[in-house]
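Asker: Please see the structure below; I have some questions.
Just so it is clear, none of the values below were taken in a lab; they were calculated from the coordinates. In this text the structure is predicted, and so the values were computed from the model without any measurement. Ideal geometry is used to build each Cβ from the backbone, glycine not excepted, and the neighbour counts take in all protein chains shown.
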Amino acid sequence: MSAAVTYAGPRSRTLGYGPRTSAAATDIRPAASTRLRLGRPFRGARMLGIGALAAIWVTGSATGLIDPRILPAPWTVVTTGIDLVSTGRLQENLAISLQRSALGLVFGVSIGVVLALLAGLSRLGDALIDGPIQVKRSIPNLALLPLLILWFGIGEDMKVITIAIGVFLPIYIHTHNGLRSIDARFVELSETVALSRAQFVRRVVLPGALPGFLLGLRFAVTGSMLALVVVEQVNATAGIGYMMELARTYGQTEIIFVGLVVYGVLGYTADAVVRLLQRRALSWRKTLED
């Protein structure tokens, strides 16, 4: 029997006599099966829960377990939706809602990115900006609504500003965190190769903050939908929320559920688009979802 002394390092090697230990045998990198055990989702997994809820809804309505006065049957909601589309009522209100949401999203994202860059790239900016925003973080948007109505009235300006406020906060927080989490080695490397400040921002800061910004964008599109639901029920004359509020007045539960379905589809679609953008822009970063 031959004697051997094995060095217990990242790649074990044999010192002395005896058979060599292969590097592949001692490689501690996680295998694909390990990644699967950690919960890598399969394609279409996110639709599984939605499909299960729909099946429960259909079954409960068909068997009479669900009272139609409380929760209309899915076929009733579908029929109502078709009627709203045929009369053009749904398209008109949906166009108004999309316009409000898009304007609030554009303004909110722009403001959040600018404030995050000012606070993330300057100590003075961080001292002046981060504190007030952290205070705002503890104040719900609904608490600001009476003040916004006093300042801007009940017109479109108030609605767009409310949506923008719901959007800029997650953009700022996650982008600012991404800026603060840039690896110090990249900063040292940029100093070594003598990058100018503009080159440093373009080649190091912005790519380093991109994961945080895209994560904040996912929360922002959801926040825009939540704010949209609120503002469209405050003395609005058009929009999906207005259509739902009018249906509440006349006890038309099926129209309310059509509006809820539209809000849900809009939010899910927007999140799916951002997730796709996230995968494309961060294709170099391997995660369990890749």
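Asker: Would you please calculate the Kirkwood hydrodynamic radius of the range 45-190 over all C-alpha pairs and express it in Å, rounded to one decimal? Spell out each step's value before the answer.
Answerer: Details: mean 1/r = 0.0513 Å⁻¹.
With all distinct Cα pairs of the range 45-190 included, I get 19.5 Å.
Asker: For Thr59 and Val234, calculate 0.36 nm times their separation in residues minus their Cα-Cα distance, and state this gained length in nm to one decimal.
Answerer: 59.4 nm
Asker: Once you have the Cα-Cα distance between Gln134 and Ser110, take 0.36 nm times their residue separation minus that, and quote the gain in nm to one decimal.
Answerer: Roughly 6.8 nm would be gained on extension.
Asker: Looking at the range 73-281, what % of the alpha carbon pairs are farther apart than 20 Å?
Answerer: 63 percent
Asker: OK, next. Which chymotrypsin sites (Phe, Trp or Tyr not before Pro) in the range 56-162 pass both tests, a DSSP loop state and at most 10 other beta-carbon atoms within 10 Å?
Answerer: none
Asker: Any chance you could tell me what percent of the C-alpha pair distances in the range 41-128 go past 14 Å?
Answerer: Summing the P(r) of the range 41-128 above 14 Å gives 79 percent of all pairs.
Asker: Using R₀ = 30 Å, calculate the FRET efficiency as 1/(1 + (r/R₀)^6) where r is the Cβ-Cβ separation of Thr269 and Ser122; round to 0.05.
Answerer: Efficiency for this residue pair is about 0.20.
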